[in-house]
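Written out below as structure tokens is the structure these notes cover.
Values quoted throughout were computed directly from the atomic coordinates according to the rules given, and no laboratory measurement underlies them. The structure presented is a predicted model; accordingly, all values stated were derived computationally and were not measured. Glycine gets a Cβ as well: all are built from the backbone with ideal geometry, and neighbour counts include every protein chain shown.
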Amino acid sequence: MAAVEKETRIEMNSNPEPDKVSTEEDSANALDSLDNQVAGKSEKMFGKKGGAGAPPLLGLWTTKRDGQVRLRMEESGLAAQEPLTVHQLLLRAVGQFGDLPALAFKRNGRWETLTFDEYYQHCRLAARSFLKLGLDRFHGVCILGFNSVEWFISDIAAILAGGFAVGIYTTNSPEACQYVAENCSANIIVVENDKQLQKILEVKSKLPFLKAIVQYGDPPKEKRPNLYSWSEFLSLGSGISEEVLEVVISSQVPNQCCTLIYTSGTTGDPKGVMLSHDNITWTAQAAGEFVELTRGSAEKQEVVVSYLPLSHIAAQMVDIWLPLTFGVKTAFAQPDALKGSLVETLREVQPTAFLGVPRVWEKMQERMKAVGAKNSALKRRLAAWAKAVGLEVNLKRMEGHPEEPVSFRLARALVFAKVRKALGLDRCTRCYTAAAPIARETLEYFLSLDIPVYELFGMSESTGPHTVSHAGSCRITSCGKTMVGCRTRLHRKGEDGVGEVCFFGRHVFMGYLNMEEKTKETIDQDGWLHSGDLGKEDQDGFLYITGRIKELIITAGGENVAPVPIEDAVKEAVPILSNAMLLGDRAKFLSMLLTIKCTVNLDSGEPEDTMTPEAVEFCRQLGSRATRVSEVVMLRDPLVYAAIQKGISAVNKRALSNAQKVQKWTLLEKDFSVAGGELGPTMKLKRPTVMQMYKEQIDRMYRE
């Protein structure tokens, strides 16, 4: 496509100039030369094999922004593959998938695309613009906004220009934005709109390294020094030659940092997780091969939808790096995706793979149940029959019995196919969940509709995935098996088989930026990454996460209690509950904070007083007429309170000891939320924060 067409489609006022790799022939030649490039850079990583005066072997971790690490390469197999830089990955993508659509975005009601070749050209232009703005080597380019073409280009361009790509959660306060930008010595901050711009302007005077701000949504409302619109920013690229950019690119090696992922700070200050070029390029290759992702071609191409926060490694891996490695098309959802428009995008795009955090799947489940409750009695009976058949057959499939009885095929035609089409998942063969624990009830619900939701387990420090479930290798509530090329160890495993899950492999991060002690706490002297999660493996190698070490409650009697299994059991036993948080560290007994499922304000994200249709129906079945949370809590609705106690008593009967029984509980007046501060950006419970926020209610339970 002509450069002027690209300009029109992503509102660029400056056309990408011809690059050194701009034609198919040039791309192929560049691809052929990669091995030579890699061989030369390997000397920088390991020294010449057997050469006199070779540099000393590098360590497995570093906290220095310009540091290098020894890559955890193996003698054979996937972990022995030659390392690549991000730029080399881009060259391969252009060589293999150049004319295929890479990015799809909706503008003025119509879907438009950029090919992999166009995508690469724009990244190069933006990289030159970053250099023109004065981006220094190993300094941050922070990106603050919803998923978009400009977000992707900024991320990759920051790396090509020799800086760090650094995503910031859009929900961050000005102070939280300041912390990240200051910690990574950000030279440039890219913001989506005026709302995000104002956060940066509020703390700008406290950012000594900041040189420029770029706004990629609507143009800035007012002119300010060193504030650029997206088109103004791109026009700067013509002031830097391709040769200058090539010098920067050629200086990059796979074992140096290119991206910082900041932890959400649920237990303290966020930490800058340093990911190397090899961390990203190797993990994308390993993960894609493990789930047998199809390489893009003119005949068939995988499709994903980008909507989860790109400041999280899971979204980056699925939306940016796997697509570049396997020629996958990424389609962008609308900014209000999590407020209700996501399903509409899914119907239009029809992805072949879809990743949702547990809360996304739970919200889908709640809406589907609410719709189902309005169906006729006949349709409800048909759905109940189909789901019973679907669950039974899919559970048997997990045990290696792939048979499809006539009843299952009939249920698929009458119910399952219609549900998939309504959700936009009719072409989707890979549905995933990650980032937080998911309830068994939710997994079984979708399984009963013939939509297996495969669990992944990993962390920012492992560049995303470590264990993965997929078709043909899945167990309910298990997060799968260790990816090929990686290793798992259960540290200090007890008699029950539970130990801390530790990782080893080329996906293990470099270290925390400027945090040597925190790094030493996480990577042991043998190079194993300690996840802080407790887990166990079954005889077939499937991993099950049982809790977190730091979340363990140690009662006054000295008994260790993992809160998550008890919390999940209570929520399953009492369907009206949205959140449950177990308490009792150093206390004589366990107690619990509970919240009721309610509607959410689509603009603010704040929980409302109105209960969800599912919660209202639960009350109706009890004989209660309550429709608001306040009615239940303020009046201590006897029917609802009795039902909650009945569910908790049922969970207590299954407890391993009296110390693991919930003795008291309190129903709160509003649900937990990101906006309220109880949940982190990935919907993880911020336990220390919740304990502080509801200290009065907690103290009351232990006084009475």
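Listed by chain and number, the lysines whose alpha-carbon sits under 16 Å from that of Lys646, ignoring those within fewer than 8 places in the same chain, are Lys571, Lys661, Lys664. With both residues required to sit in the range 553-703, DSSP beta bridges show an antiparallel share near 70%.
Using alpha carbons only, how many angstrom separate the centre of the range 375-442 from the centre of the range 289-327? Measuring centre to centre over Cα atoms gives 25 Å.
Within the straight-line cut-off of under 21 Å between alpha carbons, the lysines reachable from Lys374 are Lys363, Lys387, Lys418, Lys421, Lys597, sequence neighbours fewer than 8 places apart in one chain being disregarded.
Label separation (Lys221 vs Lys520): 4.9 nm, computed from points 7 Å beyond Cα along the C-beta direction. Among the trypsin sites (Lys or Arg not before Pro) found in the range 416-470, not one is both in a DSSP coil and sparsely packed, with 11 or fewer other Cβ atoms within 10 Å of its Cβ.
Compute the signed sum of charges (Lys and Arg +1, Asp and Glu -1) over the other residues within less than 14 Å, Cβ to Cβ, of Leu456. Here the count lands on +1.
Each Lys and Arg contributes +1 and each Asp and Glu -1, all at the Cβ; summed about the Cα centre of the range 348-546, the dipole is approximately 1240 debye. Once the Cα-Cα distance is subtracted from the 0.36 nm per residue extended length, the Ser231 to Lys550 segment shows a gain of 110.1 nm. The calculated FRET efficiency for Trp385 paired with Ser630, based on their beta-carbon distance and R0 = 35 Å, is about 0.40.
Amide H to amide H, with H built 1.01 Å from N, Gly532 comes under 5 Å of Val501, counting only residues 5 or more places away or on other chains. Each Lys or Arg adds one and each Asp or Glu subtracts one; over the other residues with Cβ under 14 Å from the Cβ of Glu696, this totals 0.
Equivalent ellipsoid of the range 635-695: semi-axes from √(5λ) of the C-alpha gyration tensor, largest first, are 25, 17, 10 Å. Note on the chain: antiparallel DSSP beta bridges, both residues inside, total approximately 60 percent of the bridges counted. Given the DSSP H assignment, sum -39500 (n - 2.57) over each helix run of at least 4 residues in the chain and divide by its residue total; what's the result at 222 nm in deg cm²/dmol, nearest 500? After summing the helix terms and dividing by residue count, I get -11000 deg cm²/dmol.
Relative contact order for the range 348-546: 18 percent, from Cα pairs under 8 Å spaced at least 6 residues apart, divided by residue count. Straight-distance candidates among the aspartates and glutamates for linking to Lys204, with alpha-carbon spacing under 13 Å and chain neighbours fewer than 8 residues away dropped: Glu175, Glu182. The dipole here belongs to the chain: it is taken about the Cα centre, uses +1 on the Cβ of Lys and Arg and -1 on the Cβ of Asp and Glu, and is about 2020 debye. Put a plus charge on the Cβ of each Lys and Arg, a minus charge on the Cβ of each Asp and Glu, and nothing anywhere else: the dipole of the range 359-420 about its Cα centre is then about 440 debye. Evaluating 6.51 cos²θ - 1.76 cosθ + 1.60 at θ = phi - 60° for every residue in the range 497-509, the Karplus couplings come out as x, 8, x, 6, 6, 10, 10, 9, x, 6, 8, 6, 5 Hz, glycine and proline recorded as x.
In the range 553-703, a dipole from Cβ-located charges (positive for Lys and Arg, negative for Asp and Glu) runs towards its positive end, and of Thr682, Ala655, Leu639 it is Ala655 whose Cα lies farthest in that direction.
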